[in-house]
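Trainee: Can you keep this structure in mind? I'll have questions shortly.
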Amino acid sequence: MTIHTSRSFRFTRSLTLATGCFGTCTLAWAGGNVVFDDFSDTTGLVLNGSAAATTTGDGEIMRLTQAQAWEAGSVFSDTQVDASDFSTMFSFRISAPGGAIFAPNTEAGADGFVFVVQPISSSLGASGGGIGYQGIGTSLGIEFDTWNNNKFSDPSQSHVAINLNGDVAHTGLPTAGVFAPELDDSDRWWVWIDYDGSELQIRLRRNDTRPVNALITHTLDLPTIMGQNTAFVGFTSATGAAWANHDIIDWSYTPFVAPPCPADINNDGDLNFFDVSEFLQLFDNQDPIADFNADDFWNFFDISAFLTAFADGCP
C-alpha cells in the first residue's frame, strides 16, 4: 500500500493523496484516507470467502472470485470510516469468463462485483446473481454486472447500476449499459465514484484519464439511508453457473475531492487562450484528455463539450 505524496490531474486526472508518509508504508483507515497501489499489504482489510490477494500480470491484486462456479468473496475496511462524503477510485479487470449461457445472455461469464458502503459488518457476501450484495439491508451498492437477469430487470448483460439496501432489482434507480467492449472482456477499466454529500457521480473508462462527463449521476441522502455518517467500505462479488475472475487492481478512498475544472487543460487556475491551444493540440494527437465524452473517438462532440465547459467557466 503506497501513500502518494503528490496530486496530478494534468496527465491522468487520477486521485492521489498528500501525506507525510514517503515510500511504501502501512496505514490504518484513520480519517478515511487510504491508497492501495497494490494488495501486497492488506493491512486494514477483512477478506471473506474466496477473496484473496494474488499475483497476476497486473501485479499484486485482490481477486474477489476465481473463474469457478458458485464462489463468493468480499473485502471490506476493518473499521468504519466517514461516508458522509467521499471520493473513491479503483481499477479492475474481469477475465476468463465461462460456464453456462442462458437467454437473454449470448456469452458466458458472471456475475460481476459491487462497490459497497454499509454500516452492518465487515464480513459479508453470498454467491449467485445477487453479486454478494443482495440482502445487505442498509447500504449503497454500485454494481458492475456481467449477467442479464430478467428477474432483476437488468438492462443488458454488461451494465453499471446504483443499488440500495441490498436490492439488486432495478426499479427506478439509474442504470447504464456497457456494450463495446463489455465489462468482462478482459480489459482494464478505471472507475471514479464521487459523493459530495448530496449527489453521487460514477465515471468509467478504459484508461486512467478521468472523464469529464459522468456515466451516472443521482441525488441521494446517504447518511439518512445508513442511519449514520460512517460505514464499512469495500467490494463484494459472486459467481453462479457462469463465472469469471473478478480482480480489483488498485483502490483509493478519501473524503470528497472536488473534481478539476474540465476546461482548465493546463491546470493553472485560469481559462484562457492557452487552454484552447493545448486542447487543440491534444485533440490532434488523440490524447485521452481531449476525448471529453470518453467514447474513444475524437470528433465534433468532444470539441463541442470542451467549448461548453470553457464557456461555463470554473467553480
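The values are calculated or read from the model by the stated rules, or taken from the named source; none is laboratory data. No experiment lies behind these values; they were computed from the predicted model shown. Ideal geometry is used to build each Cβ from the backbone, glycine not excepted, and the neighbour counts take in all protein chains shown.
Trainee: State all residues of region 89-129 that are under 24 Å from I225 (Cα atoms) and of a type in the set (S, T, N, Q); if no residue qualifies, say none.
Mentor: Q118, S121, S122, S123
Trainee: Going by what's in this entry, would V35 be described as outside any loop (DSSP other than H, G, I, E, B), modelled with pLDDT under 95 and either surrounded by 15 or more Cβ atoms within 10 Å (Cβ to Cβ) or at negative phi (or both)?
Mentor: yes
Trainee: Looking at T219, is it under 23 Å from G166 (Cα atoms) and under 19 Å from the mean Cα position of the chain (by Cα)? Explain how you work it out, then say what you get.
Mentor: Details: under 23 Å from G166 (Cα atoms): yes; under 19 Å from the mean Cα position of the chain (by Cα): yes.
The answer is yes for T219.
Trainee: Something else about it: Would you point out which residue out of T138, T171, T217, T146 is β-branched (V, I, T) and under 20 Å from A51 (Cα atoms)?
Mentor: So the residue among T138, T171, T217, T146 that is β-branched (V, I, T) and under 20 Å from A51 (Cα atoms) is T146.
Trainee: Tally up the residues in region 111-138 that are surrounded by 24 or more Cβ atoms within 10 Å (Cβ to Cβ), part of a loop (DSSP other than H, G, I, E, B) and on the phi > 0 side of the Ramachandran plot, please.
Mentor: The number of residues fulfilling the criteria is 3.
Trainee: I'd like the full set of residues that are closer than 24 Å to G240 by Cα and assigned to a strand (DSSP E or B), limited to region 56-76. Reasoning before the result, please.
Mentor: Pass one, region 56-76, residues closer than 24 Å to G240 by Cα: 56, 61-76.
Result: T56, I61, M62, R63, L64, T65, A72, G73, S74, V75, F76.
Trainee: Among the hydrophobic types (A, V, I, L, M, F, W, C) and either farther than 13 Å from L140 by Cβ or part of a loop (DSSP other than H, G, I, E, B) (or both): does that describe F179?
Mentor: Taking the combined requirement at face value, the residue satisfies it.
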